[in-house]
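One structure is given here, and the rest of the page talks about it.
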Amino acid sequence: MGVTADLAQFTAAVSLDRLPAEVVRRARFLVLDLVGSIVRARHDAESTPSFLAAVRAMGLAAGNSGVFGDAARYTPAGAAFLNGALAHSLDFDDTHAAGSLHPGAPVIPAALAAGEMAGASGADVLAAIVAGYEVTCRTALALPAGDHYDRGFHPTATCGAFGAAAAAARVFGLSAEQVEGVLGTALSQCAGSLQFLANGAWTKRFQVGWSACNGLMAATLVREGFKGAAEGLEGRHGFLRAYAPNPNPARVVQDLGTAFELMNTAVKPYPSCRYGHAGIDAALALRAANDLKPAEIGSVALGLPRAGLLLIGEPPEKKADPQNVVDGQFSGPFVISAALATGAMGWDSYGLLHDPVVRGLLPKVRCEFDPEIEAEFPANMSGRLTIAARGQTFSQKVVVPKGEPDNFLTEAELRAKFAGLADAVLGAERAARLADAVLAIDTTSDVASLMRVAAPLMPARLAGE
């Protein structure tokens, strides 16, 4: 069999009782992490009103499927799209360093929407999510992701379409042959461009939501008898050869079923591009240890791997002058300046885009290529921060940023992050109930019951209202 067929066989057969306990536990944590981002983005992400208006105009807002943080009900396609787009709207969702992508945002919404369609158990949905993570991340590794990026593609959206499709197919209980057809159908829909970097466009969020919707559509088509393309990944005109110059198809199935890329997925303590997180860790540590004040700082150098420099350091004049949230999320100078100025880097930090103290620090922060940091990549998204202040030099190298697989957040830390995002929308008591329900997802007989806990009861002004 080819690698697509092997991946399809794995997807069709995966079940929680065959998975290592640590994989199941980590999968539950990753679902909780994503749901918090969805709830908050439904409340106040600036792109949310346009998403909601479009969904309503397209007739996707009248159904029985849920969106986290929303009392309304949507069609399955509308729910998959909105949950996926909202999940990626804060740039607070999980990351897979070697794949240079965010696997949860396309995969989890597709699995949940399929689960509500099928009346599936939480155990089946969680098993499907594990399969979706493996498909997404392994596809990215086989490109490899760096070559894909160089061509201007956004792998969260492109590779995520396959993961979303696999997850929905597993929820539907499709056979291995059908799952291969699902992946071949996703091939016709995988798209995503990095051009959002030019002007802070919301297309980054849209294409991830659309990826979740596309995956659900591919699985639904095949469930209804549709014939999808064979060898969707490795074929002559398949994804790997069409979207990258030197792919390694065998990487897709390397150690499949014994090594889990889901376990190599990190969560974000800060709502910004992951390449800046080591620098933020260092900035917060140096600020606290040395009581550094913004006015004392003469210059700051942020050492990055080449891929990180491309995303958050270049062009330097643009990165030193962020004008909107997306600009800030992909600006090394901004996230470091915010951390040094306030001792924090959270969602509310984007209210400081035009703060005079932060603006005073921005031109002092220089992003640069660091060969020693490059040597840590892609195993680690490391960074080095060097600050000149008070006639002294303060420097710290962070090899494994907080939230990385080898420095993962505890359940208490994940719950705290969730509460910080969801309490404002759901109220503290209901947010805690939702967190409990998500962490017990594998015990529920009908995943729709989880979605019902996700609706706000307290009066809340939601985006688009």
TODO: Using only alpha carbon pairs under 8 Å that are at least six residues apart, calculate the relative contact order of region 143-288 and give it in whole percent.
DONE: 29
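Distances longer than 16 Å among the Cα atoms of region 220-262: what percent of all pairs is that? All intermediate terms of the calculation are to be shown ahead of the outcome.
Values: 493 of 903 pairs.
Here the long-distance tail beyond 16 Å is 55 percent of all Cα pairs in region 220-262.
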Task: In range of the label at Arg390: residues from region 289-326 whose backbone nitrogen is under 17 Å from the point 7 Å along Cα→Cβ - done: 289-300
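Which FRET efficiency, nearest 0.05, do Glu368 and Asn290 yield, Cβ-Cβ r, R0 22 Å?
It comes to 0.50.
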TODO: Order these peptides, 295-306, 132-143, by their mean beta-carbon neighbour count within 10 angstrom, highest first.
DONE: 132-143, 295-306
- [ ] Using packing as a proxy for protection, rank 168-179, 384-395 so that the peptide with the highest average count of other Cβ atoms within 10 Å comes first.
- [x] 168-179, 384-395
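Need the full-extension length gain, Ser15 to Asp406, defined as separation in residues times 0.36 nm minus the C-alpha distance. One decimal, nm. Before the final figure, lay out each step's value.
Details: separation 391, 0.36 × 391 = 140.76 nm, distance 2.53 nm.
Full extension from Ser15 to Asp406 adds 138.2 nm.
Give, in nm to one decimal, the length gained when the segment between Glu413 and Asp436 is fully stretched (0.36 nm per residue of separation minus the Cα-Cα distance). Could the numbers behind the result be given before it?
Working: separation 23, 0.36 × 23 = 8.28 nm, distance 1.42 nm.
Stretched out fully, the Glu413 to Asp436 stretch lengthens by 6.9 nm.
Return the FRET efficiency for the residue pair Arg452, Asp150: r is the Cβ-Cβ distance, R0 is 30 Å, and the value is rounded to the nearest 0.05. Could the numbers behind the result be given before it?
On the way: r = 44 Å, r/R0 = 1.48.
The calculated FRET efficiency here is 0.10.
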Task: ³J(HN,Hα) computed for each position of region 169-183 - Karplus, 6.51 cos²θ - 1.76 cosθ + 1.60, integer Hz, glycine/proline x - done: 4, 5, 4, 6, x, 6, 6, 4, 5, 5, 4, 4, x, 5, 5
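How big is the Rg/Rh ratio for region 405-457, C-alpha atoms only, Rh by Kirkwood, two decimals? Intermediate results must be reported in sequence, preceding the final value.
Working: Rg = 12.0 Å, Rh = 11.8 Å.
Across region 405-457, the Cα-based Rg/Rh ratio is 1.02.
Asp44 to Ser299: extension gain in nm, 0.36 nm per residue of separation minus the Cα-Cα distance?
The Asp44-Ser299 span can extend by a further 88.4 nm.
Quote the FRET efficiency, to the nearest 0.05, computed for Asp255 versus Thr443 with a Förster distance R0 of 35 Å and r equal to the Cβ-Cβ distance.
Details: r = 29 Å, r/R0 = 0.84.
Calculated transfer efficiency: 0.75.
With viscosity set to 1.002 mPa s at 20 °C, what whole-number translational diffusion coefficient in µm²/s follows for region 1-115 from Stokes-Einstein and a Kirkwood radius over Cα pairs? Before the final figure, lay out the partial values.
Details: Rh = 15.4 Å.
Here the translational diffusion coefficient equals 139 µm²/s.
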- [ ] Please express the Cα-Cα pair-distance distribution P(r) of region 55-116 as a list of whole percents, one per 5 Å bin, running from 0 to the bin with the greatest distance.
- [x] 4, 20, 27, 22, 14, 8, 4, 1
Open item on the list: Straight-line reach from Lys318: which aspartates and glutamates fall under 18 Å, measuring Cα to Cα and dropping same-chain residues less than 8 apart?
Closed with: Asp327, Asp355, Glu368
Task: For region 235-360, the fraction of alpha-carbon pairs in successive 5 Å shells from zero, as % - done: 2, 10, 17, 17, 15, 10, 8, 8, 6, 4, 2, 0
Task: HN-Hα J in Hz across region 307-321 - Karplus 6.51, -1.76, 1.60, θ = phi - 60°, x for Gly and Pro - done: 5, x, 4, 4, 7, 10, x, 10, x, x, 5, 6, 5, 7, 9
Open item on the list: How large is log10 of I(q)/I(0) for region 20-77 at q = 0.12, 0.14, 0.16 Å⁻¹ when the intensity is taken from the Debye formula with one equal scatterer per alpha-carbon?
Closed with: -0.38, -0.49, -0.60
Open item on the list: Over the Cα atoms of region 149-241, each weighted equally, I'd like the Debye log10 I(q)/I(0) at q = 0.10, 0.11, 0.15, 0.16 Å⁻¹, rounded to two decimals.
Closed with: -0.25, -0.31, -0.54, -0.60
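Rg to Rh ratio, region 357-454, alpha-carbon atoms and Kirkwood radius? The partial results should precede the final answer.
Details: Rg = 20.5 Å, Rh = 17.5 Å.
Reported Rg/Rh (Cα atoms, Kirkwood Rh): 1.17.
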Task: Residue-level accessible surface for Tyr275, protein heavy atoms, 1.4 Å, Å² - done: 10
TODO: Just read off the accessible area of Trp202 with the full protein assembly in place, 1.4 Å probe, to the nearest 10 Å².
DONE: 100
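The values are calculated or read from the model by the stated rules, or taken from the named source; none is laboratory data. Remember, predicted model here, so these are calculated numbers, not experimental data. Neighbour counts are summed over all protein chains in view; Cβ atoms, including those assigned to glycine, are modelled from backbone coordinates with ideal geometry. We work out accessible area using only protein heavy atoms, side chains counted, and drop any ligands, DNA or RNA first. Shrake-Rupley method; radii C 1.70, N 1.55, O 1.52, S 1.80 Å.
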